[in-house]
Amino acid sequence: MPRPKALDAFMARKAGIDAMLARLQALSDDHFGANPERVDWSHVGSLDFYAEHLRELCDQAFREGEYAR
């Protein structure tokens, strides 16, 4: 029985998200490309930016924060 087209699209998008998450994890494992001995406030600002967007996604996905029911 052929899979529905919506499921194919869903799985393709899920694979894309999984790939992005893996890249982010690898970047995090590498201190986001920063030398830990030379971290400055610009690095902190970059991480704040990333965290803000990830928090927004997590809040939507888990119905937390402003998305809580």
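Just a few scattered comments:
- Crossing angle, helix 41-62 versus the chain [Cα axis fit, 0-90 degrees, rounded to tens]: 20 degrees
- Between Glu37 and Arg23, the distance separating the two model label sites (each 7 Å from Cα on the Cα→Cβ line) works out to 3.0 nm.
- Taking each DSSP H run with n ≥ 4 as -39500 (n - 2.57) and averaging over every residue of the chain yields -24000 deg cm²/dmol at 222 nm.
- For the chain, the fraction of alpha-carbon pairs in successive 5 Å shells from zero, as %: 4, 13, 14, 18, 16, 14, 10, 6, 3, 2, 1, 0
Where a number appears in this text, it was derived from the coordinates with a stated rule and is not lab data. As the structure is a prediction and not an experimental result, all values here were calculated from the model. Neighbour counts run over all protein chains shown; Cβ positions are idealised from the backbone, glycine included.
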